[in-house]
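What follows is a set of notes on a single structure, which appears directly below.
Bear in mind that the values in this text are calculations on the coordinates, not laboratory data. This is a predicted model, so every value here is computed, not measured. Here the Cβ positions follow ideal geometry from the backbone for every residue, glycine too, while neighbour counts run over all protein chains shown.
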């Protein structure tokens with residue numbers, strides 16, 4: 001660990017010795033060239049497929065996305081309980097996370 005710290009400090013020292021005279025400091029790190037801005041810009045055509053899957057409903061004319069049967073969007077097919085250390089299945093109500101609270105208490109201790 002000390003060896004890693006020493007090499008990092010050595011790197012910082014090397015960076016500090018670089019002549020930066022006449023170089024404007026960075027305000028932020030971003031691609032500000034015309035090509036970079038164009039690449040990061042989201043236009044109407046980029047969203048066309050999403051907008052086409054919406055229907056307007058209700059008195060207030062709110063847009064709702066219509067999902068085709070079996071069409072699972074990105075990130076929607078993950079198992080939320082997979083990383084849980086403990087879960088419980090309640091018949092008729094589904095699965096729940098179990099959260100144990102209170103340091104040092106046994107699980108069979110009743111707290112008023």
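Residues 47, 26 in ascending order of nearby Cβ atoms (within 10 Å, fewest first): 26, 47.
Available extension along the chain between residue 30 and residue 78 is 14.1 nm, counting 0.36 nm per residue and deducting the alpha carbon span.
Spacing of the modelled spin labels on residue 93 and residue 64, each 7 Å from Cα toward Cβ, amounts to 2.8 nm.
Measure off 7 Å from each Cα along the Cα-to-Cβ vector at residue 37 and residue 7, then give the distance between these two points in nanometres to one decimal. Label-label distance for residue 37 and residue 7, simple model: 4.1 nm. If you take the alpha carbon atoms of the range 1-55 and fit the smallest convex hull around them, that volume is 184 Å³ per residue.
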